[in-house]
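Asker: I'd like to ask some things about the structure below.
Nothing in this text is a laboratory measurement; each read-out follows from the coordinates by a stated rule. Remember, it's a predicted structure, so these values are computed and weren't measured experimentally. Glycine gets a Cβ as well: all are built from the backbone with ideal geometry, and neighbour counts include every protein chain shown.
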Protein chains: 2
Amino acid sequence: MKKLFPLISIFALCGSIAHAQNTNLAYEIVEGLTTEVGQRLAGTEGEAKARAWGAQKLKSLGFSNVHIETYDMPTWVRGAETGEVVTPYNQKLMLTALGNSAATPTQGLSAKVIGFSSLEALKLVPDEVVKGKIVYVTHNMKATQNGSGYGAFGPARFVGPNIAAKKGAAAYLLRSLGTDNKRSPHTGVTRFEDGVLPIPSAALSIPDAENLDRMLKRSKGDLTIHLTLTPKQIGMQQSGNLVAEVQGTDPKAGIIVVAGHLDSWDLGTGAIDDAAGVAIVAAAAKNIMDMGKPKRTIRVIWMGSEEVGGFGSDAYYEAHKNENFVMASESDFGADRVWAFAYKLPESAKALGERLQKGFANMGIVYDRGAANGGADVEKIIENGAAVIDLKQDGTHYFDLHHTPDDTLDKIDPAALQQNVDAWTFMLKEVANAPEDLTPVKK
Amino acid sequence: MKKLFPLISIFALCGSIAHAQNTNLAYEIVEGLTTEVGQRLAGTEGEAKARAWGAQKLKSLGFSNVHIETYDMPTWVRGAETGEVVTPYNQKLMLTALGNSAATPTQGLSAKVIGFSSLEALKLVPDEVVKGKIVYVTHNMKATQNGSGYGAFGPARFVGPNIAAKKGAAAYLLRSLGTDNKRSPHTGVTRFEDGVLPIPSAALSIPDAENLDRMLKRSKGDLTIHLTLTPKQIGMQQSGNLVAEVQGTDPKAGIIVVAGHLDSWDLGTGAIDDAAGVAIVAAAAKNIMDMGKPKRTIRVIWMGSEEVGGFGSDAYYEAHKNENFVMASESDFGADRVWAFAYKLPESAKALGERLQKGFANMGIVYDRGAANGGADVEKIIENGAAVIDLKQDGTHYFDLHHTPDDTLDKIDPAALQQNVDAWTFMLKEVANAPEDLTPVKK
């Protein structure tokens with residue numbers, strides 16, 4: 001383990017507390033969750049175990065009002081998944097089904113492959129060109145610090161299978177939405193429109209996609225893949241959100257929501273996505289708790305089922321939309337350091353924004369004047385008028401690991417994780433105790 | 001693709017030829033073999049296809065006397081392989097069977113796990129401590145430039161399963177002999193003594209081994225794994241060595257052997273182990289061919305079945321031991337640059353050694369005064385008196401990939417591969433044309 005970031009120096013800069021506690025808590029949470037629970041696919045027993053584990057952990061840390069709010073959600077589970085090029089060469093492919101993929105017959109299906117250099121290229125061809133074939137779509141995603149490649153190239157996964165299904169394709173293969181060169185395919189959810197019959201859909205690891213590119217180039221349209229995927233939709237299952245609070249002294253000052261998501265994809269142990277996020281927000285809230293009661297209540301929410309469609313945040317919003325949420329913030333972009341921050345605060349809290357800018361500058365964190373958006377777990381609360389602060393993590397290496405078997409504890413640098421906690425602690429201390437009025441202007 | 005190393009500058013230094021050809025040949029061979037053939041486990045159809053592919057390639061390049069020498073060998077093939085911790089936690093493990101592993105029952109076996117911090121620690125315990133249990137051995141292998149960690153920690157794979165089997169263990173698990181942090185387990189051969197009943201034996205990926213370490217620490221002796229391995233020994237199968245020559249002008253001056261191995265492990269496509277090696281020696285020999293006939297014949301051998309026990313080199317030596325081999329050299333340590341060289345030459349060829357030292361110094365390659373050993377494919381020829389020159393590749397990252405699914409084309413830096421070809425070309429030109437007598441002093 002590397003030397004931990006000296007938290008005390010941050011607080012010395014902020015000038016408000018004399019010493020720091022809990023410098024190892026975030027790592028301890030990630031370590032515990034990935035070791036004692038592991039994968040926690042939404043709607044499965046793994047996710048339920050994670051809620052129980054988390055509730056016990058948050059209670060033991062002294063949080064108030066620790067409870068689980070359950071809801072039911074449609075659940076998809078992985079089955080067998082194999083693929084191989086059978087003509088003109090013979091190569092096994094490392095691939096993984098996308099969430100909501102249909103199954104092939106148990107013995108698999110064999111079909112000719114037609115490759116496209118982009119999703120746009122697939123959209124342009126007449127249906128008969130792809131009918132009955134396995135559609136393969138590649139792309140040109142590169143690593144970026146802000147993760148913008150995922151938005152730009154993501155539709156090849158998000159909607160590519162639906163487009164191929166509507167054109168009559170037998171199955172859909174994708175170059176993983178990743179920036180690594182490992183034989184670890186990247187899963188993730190895909191969505192089929194109502195009335196469209198889902199097709200088997202999988203992502204190839206990047207070395208496999210590159211080998212397929214070379215084989216396709218040589219084969220001149222005569223390349224066959226045998227594909228076996230046996231995932232299942234298992235109907236409505238229970239999921240839940242885990243909630244805990246640091247209670248404030250002034251109930252009228254409103255509630256601050258800090259969130260991450262407890263569910264993970266099933267291939268790895270969900271260390272960076274998103275054990276890190278739930279650990280960061282909880283460890284920062286615990287730091288505030290240990291400083292004495294803040295003015296505003298801080299509500300920590302470890303959301304369920306973010307990966308598969310945000311059923312947890314939808315359920316939470318529906319049940320709580322009339323509460324006085326004044327600010328919401330989310331950590332769900334790995335465990336690398338916070339390099340920038342953005343915010344949207346009411347006019348009344350201009351001075352708070354200036355204090356945040358000054359404090360973050362002291363921590364080497366850049367003020368980004370662009371839009372603050374929150375994230376999937378808090379977006380409805382923000383749309384409803386709550387202020388938002390984004391602590392932007394360095395995502396340069398995030399898509400090397402995202403949704404792969406390689407999302408494991410060893411990928412986390414404890415010092416970078418602690419820098420996140422330090423940044424969140426500073427932010428929460430300022431916002432929870434701000435004398436300014438944060439009451440949202442309702443739309 | 002990165003810019004290729006400018007071969008011409010090397011030859012300018014050597015002062016002997018005006019221009020360079022074939023600057024892309026080694027990469028072209030690796031690309032072809034990994035794309036059109038892929039994995040080529042010894043004794044299987046993949047290895048046979050590789051021989052056919054290679055024979056066609058070497059003929060097309062103008063080599064003389066291109067032919068395959070077949071032999072039969074005992075063959076082991078991989079089956080299903082899964083493992084999971086079932087108590088006190090529930091975690092799937094990414095693991096792979098070791099070559100010569102026995103199978104579990106089809107439905108798998110469940111047993112308590114006993115962990116050892118080293119092979120030495122396992123050796124020390126009485127048999128009854130491990131009887132009926134799954135033995136798990138970890139180790140402390142680190143990356144080294146010369147690869148010496150493999151020799152030091154390798155016995156945990158080479159002989160660990162045999163030791164555990166003799167003590168009555170139900171199965172054997174190993175932290176992969178690797179230096180990476182990927183979920184890619186490292187396979188490799190293990191050997192059971194005659195009369196010892198083989199047990200199921202597998203390597204865990206390093207993140208899985210580290211997670212198992214954490215789980216074992218928490219479980220206080222009460223951790224159960226369910227393990228399923230269904231590999232098979234399929235009896236004697238045909239393998240073969242592929243041979244090609246650049247014929248020399250002086251049949252009495254002896255034959256130079258340059259080798260790599262054509263077989264690979266079955267998890268990846270064998271790019272660094274050892275498509276790179278066969279490509280390097282062939283591309284260098286082709287460069288010599290294109291300079292006009294050398295004095296000595298250069299015999300290129302792409303050996304079969306190196307990975308599983310050296311049946312190919314044994315068969316080759318038995319059939320050819322009476323030929324006049326004056327020097328043997330092998331490339332089988334990846335595709336990173338040559339950083340050092342060592343040699344053992346007869347006294348009569350002292351001047352040749354000095355020319356090699358001078359030329360390699362010009363190429364930034366260090367003279368290593370330690371022993372030159374050749375390698376598994378040529379060791380018997382060397383033991384029989386042939387001179388040997390080792391071109392030592394940088395192995396710092398070799399054990400990140402060795403024997404894993406991640407041994408694929410994308411891991412090769414074409415510039416580093418070409419630096420190998422340049423170094424081998426220089427060496428072969430000097431040795432093949434040396435006026436000195438290289439005739440070995442027979443033991």
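Asker: With a 10 Å cut-off between alpha carbons and a GNM built on chain B, which of B:R157, B:R51, B:R218 moves the most?
Answerer: B:R218
Asker: Return an integer: the convex hull volume of the alpha-carbon atoms of region A:79-230, in Å³ per residue.
Answerer: Enclosed volume per residue, from the Cα hull, is 101 Å³.
Asker: For the protein assembly as shown, taking Cα atoms only, what is the radius of gyration to one decimal and the Dmax to the nearest whole Å?
Answerer: Looking at the protein assembly as shown, its Cα Rg and Dmax stand at 30.4, 100 Å.
Asker: For region A:187-265, which GluC sites (Glu not before Pro) pass both filters: DSSP loop (anything but H, G, I, E, B) and at most 16 other C-beta atoms within 10 Å?
Answerer: Within region A:187-265, the qualifying GluC sites (Glu not before Pro) (loop, at most 16 other Cβ atoms within 10 Å) are A:E193.
Asker: Moving on. Looking at region B:79-230 only, what percent of DSSP beta bridges run antiparallel? Nearest 5 please.
Answerer: 55
Asker: Also, quick follow-up: From Cα pairs below 8 angstrom and at least 6 apart in sequence, can you work out the relative contact order of region B:79-230, rounded to a whole percent?
Answerer: 40
Asker: Too long at a 30 Å Cα-Cα cut-off: which of B:K133/B:K380; B:K295/B:K321; A:K133/A:K182; B:K182/B:K344?
Answerer: In this structure, B:K133/B:K380; B:K182/B:K344 exceed 30 Å between Cα atoms.
Asker: For region A:252-350, which trypsin sites (Lys or Arg not before Pro) pass both filters: DSSP loop (anything but H, G, I, E, B) and at most 11 other C-beta atoms within 10 Å?
Answerer: A:K321
Asker: Continuing with this model, one more query. Does region A:306-370 classify as rounded, prolate or oblate by the C-alpha gyration tensor (a ≥ b ≥ c root eigenvalues; a/c under 1.5 gives rounded; else a/b over b/c gives prolate, otherwise oblate)?
Answerer: Since a/c reaches 1.5 but b/c is at least a/b, the shape of region A:306-370 is classed as oblate.
Asker: Where the label is 7 Å out from Cα toward Cβ, how close does A:P435 come to the same position in every other copy, in nm, shortest first?
Answerer: With the label placed 7 Å along Cα→Cβ, A:P435 yields 9.7 nm.
Asker: Summing -39500 (n - 2.57) over the DSSP H runs of n ≥ 4 in chain B and dividing by its residue number, what mean residue ellipticity at 222 nm do you reach, to the nearest 500 deg cm²/dmol?
Answerer: Calculated from helices alone, the mean residue ellipticity at 222 nm is -9000 deg cm²/dmol.
Asker: Among the GluC sites (Glu not before Pro) within region B:322-416, which fall in a DSSP loop and have no more than 16 other Cβ atoms within 10 Å of their own Cβ?
Answerer: Here the GluC sites (Glu not before Pro) that fit, given the DSSP loop and packing criteria, are B:E323.
Asker: Compute the relative contact order of chain B as a whole-number percentage, counting only Cα pairs closer than 8 Å that sit 6 or more residues apart in sequence.
Answerer: For chain B, the relative contact order is 22 percent.
Asker: What are the extents of the Cα atoms of chain B along their three principal axes, in Å, largest first?
Answerer: Projected onto the principal axes, the Cα atoms of chain B cover 70, 42, 39 Å.
Asker: For a quick size check, give me the Cα extents of region A:30-140 along its three principal axes, largest first, whole Å.
Answerer: For region A:30-140, the Cα spread along each principal axis is 61, 30, 29 Å.
Asker: Right, another one. Between region A:233-261 and region B:239-301, what is the C-alpha centre distance in whole Å?
Answerer: Answer, in whole Å: 66.
Asker: For region A:372-443 and region B:167-196, what is the separation of their Cα centres, given in Å?
Answerer: Using only Cα atoms to place each centre, the spacing works out to 42 Å.
Asker: Need the list of aspartates and glutamates near B:K142 for cross-linking: C-alpha distance under 15 angstrom, and skip anything on the same chain fewer than eight residues off.
Answerer: Leaving aside aspartates and glutamates fewer than 8 places away in the same chain, those within reach of B:K142 are B:D180, B:E210, B:D394, B:D400.
Asker: Can I ask one more? Expressed as an acute angle from 0 to 90° and rounded to the nearest 10, what is the orientation of the C-alpha long axis of helix B:45-60 relative to the principal long axis of chain B?
Answerer: 10
Asker: Okay, moving on. For A:G235, go 7 angstrom from Cα along the Cα-to-Cβ vector, then report the distances to that same point in the other copies in nm, smallest first.
Answerer: With the label placed 7 Å along Cα→Cβ, A:G235 yields 5.0 nm.
Asker: Rank B:A282, B:A351, B:A164 by mean-square fluctuation in a GNM of chain B with C-alpha springs under 10 angstrom and give only the top-ranked residue.
Answerer: Comparing B:A282, B:A351, B:A164 in the GNM, the peak value goes to B:A351.
Asker: Additional query: Could you work out which residue, out of B:T82, B:T190, B:T23, moves most in a Gaussian network model of chain B, that is, has the largest mean-square fluctuation with Cα springs under 10 Å?
Answerer: Judging by the Gaussian network model, the answer is B:T82.
Asker: Ignoring solvent entirely, what values of log10 I(q)/I(0) come out of the Debye formula for region B:289-438 at 0.18 Å⁻¹ when each Cα is a single scatterer?
Answerer: Computed log10 I(q)/I(0) values: -1.21.
Asker: Percent of alpha carbon pairs in region B:192-291 separated by more than 25 Å?
Answerer: 55
Asker: Can you give the angle from 0 to 90° between the axis of helix B:350-362 and the longest principal axis of chain B, with both taken from C-alpha atoms, to the nearest 10?
Answerer: Helix B:350-362 sits roughly 70 degrees off the main axis of chain B.
Asker: Further question: What is the mean number of Cβ atoms from other protein chains located within 10 Å of the Cβ atom of each residue in peptide B:99-106, rounded to a whole number?
Answerer: So the per-residue partner count for this stretch is 0.
Asker: Moving on to the next point. Mind checking the alpha-carbon convex hull of region B:286-331 and giving the volume per residue in Å³?
Answerer: Looking at region B:286-331, the number lands at 90 Å³ per residue.
Asker: Could you give the angle, 0 to 90 degrees to the nearest 10, between helix A:414-433's Cα long axis and the longest principal axis of the Cα atoms of chain A?
Answerer: 50
Asker: Calculate the length of the line joining the C-alpha centroid of region A:71-88 to that of region B:140-156, in whole Å.
Answerer: Each part reduced to its Cα centre gives a spacing of 38 Å.
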